[in-house]
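Read through the structure below, which is laid out as structure tokens, and then see the notes.
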Amino acid sequence: MLGTAPKDAGLDGLIGKYNLTSEDGSQAGGIYLWESREKADAWYDEAWKLYMGEAWGQAPLLEYLDCPIVLDHETNNTVSLVAA
């Protein structure tokens, strides 16, 4: 996973990413925060899905969720997309 960080850092529209693994290491995944669904869809193309399937032995599972509020303790900043 660490080897993907330089590539991910340059992705157009990627705000942040959290790499995840289960406690026993049998499962892995990531939570990506994108500027838009369009930017995410541009990255998650068929080539990406094929690569991930080969790398991890199974096809990736994609689930899209809205993220209307982000709290960043490092910058002491809260970003809200929710209308006030």
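The values are calculated or read from the model by the stated rules, or taken from the named source; none is laboratory data. As the structure is a computational prediction, the values presented were derived from the model and not from experiment. Here the Cβ positions follow ideal geometry from the backbone for every residue, glycine too, while neighbour counts run over all protein chains shown.
Applying the selection to the stretch 59-84, what residues are out of contact with any Leu (no Cβ under 8 Å at 6 or more places or on another chain), surrounded by 10 or more Cβ atoms within 10 Å (Cβ to Cβ) and either among the polar types (S, T, N, Q) or part of a helix (DSSP H, G or I) (or both)?
Matches in the stretch 59-84: 80 only.
Which pairs turn up if I take residues in the stretch 7-34 that are more than 20 Å from residue 59 (Cβ to Cβ) and among the aromatic types (Phe, Trp, Tyr) and look for partners that are in a loop (DSSP other than H, G, I, E, B) and at pLDDT 90 or above with beta carbon separation below 6 Å, at least 6 apart in sequence or on another chain?
Between residues of the stretch 7-34 that are more than 20 Å from residue 59 (Cβ to Cβ) and among the aromatic types (Phe, Trp, Tyr) and residues that are in a loop (DSSP other than H, G, I, E, B) and at pLDDT 90 or above, the close pairs are 34/13.
Go through the stretch 26-57 and give me each residue that's within 18 Å of the chain's Cα centre (by Cα) and among the polar types (S, T, N, Q). Can you show your working first?
First, the residues of the stretch 26-57 that are within 18 Å of the chain's Cα centre (by Cα): 27-53, 55-56.
Hits for the stretch 26-57 are 27, 36.
Do the conditions hold for residue 25, that is, is it at positive phi and either out of contact with any helix residue (DSSP H, G or I) (no Cβ under 7 Å at 6 or more places or on another chain) or not in a loop (DSSP other than H, G, I, E, B) (or both)? Quick ask: steps written out before the conclusion?
Numbers: at positive phi: yes; either out of contact with any helix residue (DSSP H, G or I) (no Cβ under 7 Å at 6 or more places or on another chain) or not in a loop (DSSP other than H, G, I, E, B) (or both): yes.
So residue 25 passes the test.
Keeping to the stretch 36-54, report how many residues are closer than 14 Å to residue 12 by Cα, loosely packed, with under 13 Cβ neighbours inside 10 Å and not charged (D, E, K, R).
Going through the stretch 36-54 one residue at a time, the tally reaches 1.
Please determine whether any residue of the stretch 1-10 is in a loop (DSSP other than H, G, I, E, B) and either touching a helix residue (DSSP H, G or I) at 6+ places or on another chain (Cβ under 7 Å) or surrounded by 11 or more Cβ atoms within 10 Å (Cβ to Cβ) (or both). Write out each step before concluding.
At the first step, the residues of the stretch 1-10 found to be in a loop (DSSP other than H, G, I, E, B) are 1, 10.
With the extra rule that they be either touching a helix residue (DSSP H, G or I) at 6+ places or on another chain (Cβ under 7 Å) or surrounded by 11 or more Cβ atoms within 10 Å (Cβ to Cβ) (or both), the set shrinks to 1.
Yes, the stretch 1-10 contains at least one residue that is in a loop (DSSP other than H, G, I, E, B) and either touching a helix residue (DSSP H, G or I) at 6+ places or on another chain (Cβ under 7 Å) or surrounded by 11 or more Cβ atoms within 10 Å (Cβ to Cβ) (or both).
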